[in-house]
1. Determine the pairs where a residue that is over 15 Å from Gly285 (Cα atoms), located within segment 110-138, has a partner that is charged (D, E, K, R) and not in a loop (DSSP other than H, G, I, E, B) with Cβ atoms under 6 Å apart, the partner being 6 or more residues away or on another chain.
2. Taking Cys66 as the residue in question, decide whether it is over 26 Å from Ala145 (Cβ atoms) and hydrophobic (A, V, I, L, M, F, W, C).
3. Does Glu20 count as over 19 Å from the mean Cα position of the chain (by Cα) and in contact (Cβ under 8 Å) with a residue 12 or more places away in the chain?
4. Working carefully through the options Ala45, Ala6, Ala10, Ala70, find the one that is of a type in the set (Gly, Ala, Ser), under 29 Å from Leu169 (Cα atoms) and in a loop (DSSP other than H, G, I, E, B).
5. Within segment 244-251, identify whether any single residue is of a type in the set (A, V, I, L, M) and surrounded by fewer than 20 Cβ atoms within 10 Å (Cβ to Cβ), and answer yes or no.
6. Within segment 238-259, restricting attention to residues that are aliphatic (A, V, I, L, M) and assigned to a strand (DSSP E or B), which residue is farthest from Leu282 (Cα to Cα)?
7. Could you count how many residues in segment 314-334 are in a helix (DSSP H, G or I) and either basic (Lys, Arg) or touching a residue at least 60 places away in the same chain (Cβ under 8 Å) (or both)?
8. For Gly284, are the conditions met, namely being in contact (Cβ under 8 Å) with a residue 12 or more places away in the chain, surrounded by 19 or more Cβ atoms within 10 Å (Cβ to Cβ), touching a His at 6+ places or on another chain (Cβ under 8 Å) and of a type outside the set (S, T, N, Q)?
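The values are calculated or read from the model by the stated rules, or taken from the named source; none is laboratory data. On a predicted model such as this, the values are computed, not experimentally measured, just so you know. Counting neighbours? That spans all protein chains shown, and the Cβs are built from the backbone with ideal geometry, glycine included.
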Amino acid sequence: MTTAYAFVPAPGHEYPDHPEHPGRLDELARRLEAAPAERLPVAPAEPGEVARVHAPRLVAGLERVCREQAPGVIDYAPTFVTQTSYDDALLAAGATLACARAVLHGDADNAFAIVRPPGHHAEPERAMGFCLFNNVAIAARDLLANGLERVLVVDYDAHHGNGTQAAFLDDERAAYLSTHQWGIYPGSGWIEDAPQARKRIVNVPLPAYSGDGVFGRIADEIVQPLVESFRPQMLLVSAGFDAHWSDPITTMGLSSAGFFAFSKRLVELAGEHCQGKIVFALEGGYDPRNLANGAEAVFLALAGHKSGKEAGDACPHREPEAESRLAQVRAWHDF
C-alpha cells in the first residue's frame, strides 16, 4: 500500500510552559526519516475552505487577533495565539486537506496528517481547547463537496471532540464517533448528547484507565456496527495520543500496542467498507515519546503490518469494568 503523510510542526506557534508546544513532535520528526510513507507538499487552506465549517467572522477575527494582539491567551483552556498562529492553522488545515484529497483521488491508498495546532475542539463559532480550526471537519466537508456522500470521523483522543460534534450535529452526510475520558475537559460527550442523531453521533464516555482491552471491544461492538449501518465512503481519524496511560494531562489506559490494534482495526474496516480510504490526523498527545510511538503504530497499521513495534509500555493499571457503559452505548444506538 502507498501511504502519504503531511508534516506541519508550526515552530512559531508556541507559548511559555504550554503543553501544546512544538517539542511534542521532536522525537517523531526524527523517526519520520525512516517512515514507510511519502511526504506530501502542502499549502495553506483557503479561507473559503475553512468557512465550510467555521463562521467567516471567526476566521477574520482570528486573523485580526494574531496579526494585531498576539501573543496571548484567547480562552480558559488555555488556548493561545502567536503572530504566526493564523498562518499555522491555515497550513494545518491545508495539510489535512492534502492528505484527504490524495486518498480521494487515488494518489495514495491512505494518509496521515501530522499537524499542529490541533483541531477537534474548535467549534463553528469559536476556537477553544488548544484548537484554532477544525482540521478534520474541514477535510470532511471538502470530501463531501467533491463527490462523496457519507464520511465517518472516528476520534480516539482522550478528550471529547466537541467541535467536530457541533460541526456535524445536523449534517446527515457525516457521522462522528468519539471515545474519551468522562469528566475531563471539555465536559461534553455523554451518550445521549445528540438524540436527533442516534446511530450517527456516537459518544463513548469512558472511566479512567480504560485501555487496550476496552478499546478492542469498542472496535468490535460499537465502531463496526456504526460503519456497517452508516456505510461511509471514507474514514477520517482524529488520532489523539493523550489516550496513552502515561500522558501528563489525562488518565486513560492505552499502550502503544493498543494504539496499533485499534488503528489496525480501523484500517481493516476501511478496507472492508471504504475501498481502503482512510486518513488519520493528529490531535493531542503531550508526551513526545508516547506521541512518536503512537504515530509509528499508525504508520505500521496503514502499511498493513500484522503486528506493531514492541514499545514496552504496557499499562500498569488495572482496567475498569466497562461493560455497563458499553451496554448503554449499544442500547442507545441499537447496535
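1. Qualifying pairs under 6 Å: Met128/Asp75.
2. yes
3. No: the conditions fail for Glu20.
4. Values: Ala6 fails: in a loop (DSSP other than H, G, I, E, B); Ala10 fails: under 29 Å from Leu169 (Cα atoms); Ala70 fails: under 29 Å from Leu169 (Cα atoms).
Only one candidate passes the filter, namely Ala45.
5. Yes; the residues of segment 244-251 include at least one that is of a type in the set (A, V, I, L, M) and surrounded by fewer than 20 Cβ atoms within 10 Å (Cβ to Cβ).
6. Among those that are aliphatic (A, V, I, L, M) and assigned to a strand (DSSP E or B), it is Leu254.
7. Final tally of qualifying residues: 7.
8. When the stated conditions are applied, Gly284 passes them.
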